[in-house]
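Undergrad: Take a look at this one; I'll ask things after.
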Amino acid sequence: MYEVLDENFENSFQMLFDAVSKASFITIDTEFTGINTEENFRHSFFDTLSDRYNTLKRNIQPFIIIQFGIGTFHHVSEQNAYIAQCFNFYLFPRPLPVKNRQFSFQVTALEFLYKHNFEFNKFISKGISYLDEIDEKLLKEYIEQGNILDNCTQLTYNEEDYLKECKDKVFKWLTEKSDQTSLKLEAMNPILQYILQKQLRSSFNNIWTTSGYKSIDIVKVTNEEQMRLEEQNSDCLESELLNTCIGFSKVFKLLSSCKKPIVGHNMLLDLMFIYQQFYKPLPDSYKEFKKNIHSLFPQIYDTKYLSYELQRILKRDEVIWKQNSLSLLYEFFSSNRGRQLVFNSPQIISKDESSICRHAHNAGWDAYCTGYIFARIGHILAIRKYGKGLEERFVTHAELMSAVKVFVNSVNITKGNSLSMKFDETDPPLSRPEWLHVKLKSRIVNTKKLVEKFSHFGPVDVMPYSQKGVLLAVSNHKSALRILEHFEGNKEFQVARYSRIRHATFTSIFMWSGLVLVGGGVATWMVNKLNLKPT
């Protein structure tokens, strides 16, 4: 695995570019500074997909990705193997002259990252900068208009003092007789580096400056040489500054432009963070978000969703993983039993085995695990699709991708009224059971006690509905059936399948579809249907 920091980003980017160009598929994983700002944030079985999107959008806006893992998997058919090359990027939002950049840290996220060996010093001191499309355009215009030198308010008082010190050092170096042919000065951020070089070049006509890592190098030249170099490199410093600030966003553009399969695990949050951090602010419209993500990444696969679909296909004794978490799935598929579910399962070979950091929630390692699981599941699905005879030879990558094609652009949804979100077409029909209506004898509704009572039948959510009624949402059809059977004839509760008409409150009747405005005919029909007496 390659650890990528600001000091080796440019060299690593070329390596990543070559790896992406050869890749059969690409995996991603991210680590965030937090995921929720609301005190009582929780997912519910009542959530529609639009509800889920808007809730997440509202909660993740102040947080950022601080570690981004990428795995490239190249299929080598003659070896029946995928060669994995993984990269782990630390990201940090460097200061910009056009924007006061801010982000939040959730305390639980800090504790979580610390527990999993996250290196905070690298994140702050060597994290790679990035821009979204809007900030990139603003900075480009700002630089082209020459506003950085005209407005140095982005420098701290210490940095302004440091600029004066640097000028004094250069003056002293030039006037003293010395054999020293070059001088190195520290410049810890790209804005300071740019301003320092600009000011030194304008203050002294017999030097030339070049950029180093958090420093600048100065050499003595003649006045004529300086003029020639200025002419040859008229916009070089501006391009360097813009390129440094764009930083990791070049990786985002590479992943989007390559149009290769992008694989993640439970990846809705990853996609939303990627969108708001490297592309644009998240749109208010759920449909617009789906449309834009599909445009950016036309082929998305979610290994958590795939693992649930595989469970439906395999026999009960073949599925021994207890949960569909990334770590447990990797543990199963990397075990002897997992590898031998079918014959001729492909090898997964890491290009640099010695440098792999095998820590869960290290984004690079998790990206590797995601690719490992994808290749294993894809191979099993290919055998199921094309028949056991395929086990007698190596499965081609085209056959593997054909087997998973039916699941493309489907992303897992945790605890919602749908199991998945579909990015390239209309979302699938609701896969959870219909809501249940619970009628109570008392007008006092104790939601907590109701949840405790119904939770014996599986995960549930309760929503107050009327003075003596609540709606109940459950995770699966089996739980719904058990609840209906158990409470049939119960003296305390009346439980039935929810009907919008039969269980409607009087007020809601006239709210639906503007029926109050339709006229007496439809309203009277609704009242009679509900056995209510019109007043």
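Bear in mind that the values in this text are calculations on the coordinates, not laboratory data. The model shown is predicted, which means the values in this text are computed figures rather than measured ones. Glycine also receives a Cβ, built like all others from the backbone with ideal geometry; neighbour counts cover every protein chain displayed.
Undergrad: By Kyte-Doolittle mean hydropathy of at least 0.0 and Cα axial length of at least 30 Å, which whole DSSP H helices of the chain are selected?
TA: Working: long enough: 363-386 (34 Å, 0.33).
Going by DSSP H runs, the hits are 363-386.
Undergrad: Let me ask something else. May I ask you to order 371-378, 121-128 by the average number of other C-beta atoms within 10 Å around their residues, highest value first?
TA: So the peptides 371-378, 121-128, ranked by packing, come out 371-378, 121-128.
Undergrad: Also: Report, in whole Å, the centroid distance computed from the Cα atoms of region 436-465 and region 109-173.
TA: 54
Undergrad: Sticking with this one: At what distance in angstrom do the alpha carbon centres of region 293-350 and region 214-266 lie from each other?
TA: Centre-to-centre (Cα) distance: 40 Å.
Undergrad: Continuing with this model, one more query. Quick one: dipole size for region 305-455, taken about the Cα centre, charges +1 on Lys/Arg Cβ and -1 on Asp/Glu Cβ, in debye to the nearest 20.
TA: Values: 23 positive and 15 negative charges, 200 e Å.
For this selection, approximately 960 debye.
Undergrad: Counting pairs of alpha carbon atoms under 8 Å apart in space and at least six apart in sequence, what relative contact order in percent does the chain give?
TA: This gives 18 percent for the chain.
Undergrad: OK, next. With unit charges on the beta carbons (Lys and Arg positive, Asp and Glu negative) and the dipole taken about the Cα centre of region 330-393, which residue among I373, F343, F332 sits farthest to the positive side?
TA: My answer, from the dipole projection, is F343.
Undergrad: Next question, about the same structure. Is region 269-309 rounded, prolate or oblate when judged by the Cα gyration tensor, a ≥ b ≥ c being the square roots of its eigenvalues, rounded requiring a/c under 1.5 and prolate requiring a/b larger than b/c?
TA: Prolate shape, in that a/c is at least 1.5 and a/b is the bigger ratio.
Undergrad: Loop only per DSSP, at most 11 neighbouring Cβ atoms within 10 Å: give me the trypsin sites (Lys or Arg not before Pro) in region 244-292, ordered by residue number.
TA: For trypsin sites (Lys or Arg not before Pro) across region 244-292 that sit outside H, G, I, E and B with at most 11 neighbouring Cβ atoms in 10 Å, the list reads K259.
Undergrad: May I pose another question? What Kirkwood radius, in Å to one decimal, follows from the Cα pairs of region 340-411?
TA: 13.5
Undergrad: In the structure displayed, which of K22/K287; K304/K449; K290/K415; K99/K415; K99/K198 lie more than 27 Å apart, Cα to Cα?
TA: The pairs that break the limit, which is 27 Å between Cα atoms, are K22/K287; K304/K449; K99/K415.
Undergrad: Assigning unit charges at the beta carbon (Lys, Arg +1; Asp, Glu -1) and nothing else, what dipole magnitude in debye, to the nearest 20, does the chain show about its Cα centre?
TA: Using Cβ point charges on Lys, Arg, Asp and Glu, the chain gives about 3360 debye.
Undergrad: A further question on this structure: Per DSSP H run of n ≥ 4, the term is -39500 (n - 2.57); total these for the chain, divide by its residue number, and report the mean residue ellipticity at 222 nm rounded to 500 deg cm²/dmol. Don't skip to the end; give the middle numbers.
TA: Working: 22 runs with 229 residues, N = 535.
Using -39500 (n - 2.57) per qualifying helix, the result is -12500 deg cm²/dmol.
Undergrad: If the viscosity is 1.002 mPa s and the temperature 20 °C, what Stokes-Einstein diffusion coefficient in µm²/s follows for the chain when Rh is the Kirkwood radius over Cα pairs?
TA: In µm²/s, the coefficient is 78.
Undergrad: Once the convex hull of the alpha carbons of region 1-76 is built, what does its volume come to per residue, in cubic angstrom?
TA: 148
Undergrad: For region 75-119, evaluate the Debye formula with one uniform point scatterer on each Cα (no solvent term) and list log10 I(q)/I(0) at q = 0.15, 0.18, 0.21, 0.28 Å⁻¹, rounded to two decimals.
TA: -0.69, -0.78, -0.88, -1.05
Undergrad: Could you size up the charge dipole of region 378-504 around its Cα centre, putting +1 on the beta carbon of Lys and Arg and -1 on that of Asp and Glu, and report it in debye to the nearest 20?
TA: 680
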